[in-house]
Amino acid sequence: MYLLMKLLHLVAVIAFLGNITTGLFWHIHAARTRDPRLLAHTMDGIIRSDRLFTIPGVVVIVTTGIVAAIIGGLSLLHTGWILWTLVLFSLSGVIFMGFVAPLQRRLLALAQAGSGAGNFDYAGYSMVARSWEVWGAAAVVTPVAGLVLMVLKPAL
């Protein structure tokens, strides 16, 4: 059972990190066109992929990680690399819910408005996009740091 939980945990981590990393890439790629229709399509896809992969991935990562730790006899709060990974993962969630997701919805609305109106304020869009990219990078770096802790298992 431990190895099954570990396998499911790793598959969820791969899907989660892959999704949050590629979202930043696809937005930067679409932004180079300055086309509001393409940007709206891209942001809609990023938001949908978060609903399909990121959010369920979080549930599977947390559930299988906790179950594997319990089965493996590891204390969640007294094993430093587990505790700090949980802290980093939680911080990523706070950043995502507090900053990234609202900025994504704002970018989608700006691109849709620019597409419908025919006059797209790319400079205004770009300012919001820079904030989204900074907060998005923070939401990516924190779970990646957690991944490093989980693999290296330093004595903390």
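Read-outs throughout are calculated quantities, based only on the coordinates presented, and are distinct from any laboratory measurement. Predicted model, so just to flag it, every value in this text is computed and none were measured. Here Cβ is always computed from backbone atoms with ideal geometry, including for glycine, and neighbour counts include all displayed protein chains.
The share of Cα pairs per 10 Å bin across region 6-156, counted from zero up to the longest distance, runs 11, 38, 26, 15, 7, 1, 0 percent. Estimated from the Cβ-Cβ distance and a Förster radius of 25 angstrom, the FRET efficiency linking Val87 and Arg48 is about 0.30.
Ranked by how many other Cβ atoms sit within 10 Å of their own Cβ, fewest first, the residues Met43, Met127 fall in the order Met127, Met43. Taking other Cβ atoms within 10 Å as a rough exposure proxy, His29, His9 sort from fewest to most as His29, His9. A simple rule links phi to the HN-Hα coupling: the Karplus curve 6.51 cos²θ - 1.76 cosθ + 1.60 with θ = phi - 60°, which for region 83-92 gives 4, 6, 5, 4, 4, 5, 5, 5, 4, 4 Hz, with x for Gly and Pro. Comparing Leu52, Leu107, Leu17 in a Gaussian network model of the chain where C-alpha atoms under 10 Å apart are linked, the largest mean-square fluctuation is found at Leu52. With neighbours defined as other Cβ atoms within 10 Å of a residue's Cβ, the residues Phe25, Phe53, Phe96 order from fewest to most as Phe25, Phe53, Phe96. What's the extension gain from Met97 to Leu77 if we count 0.36 nm per residue and subtract their Cα-Cα distance? Computed gain between Met97 and Leu77 is 4.8 nm.
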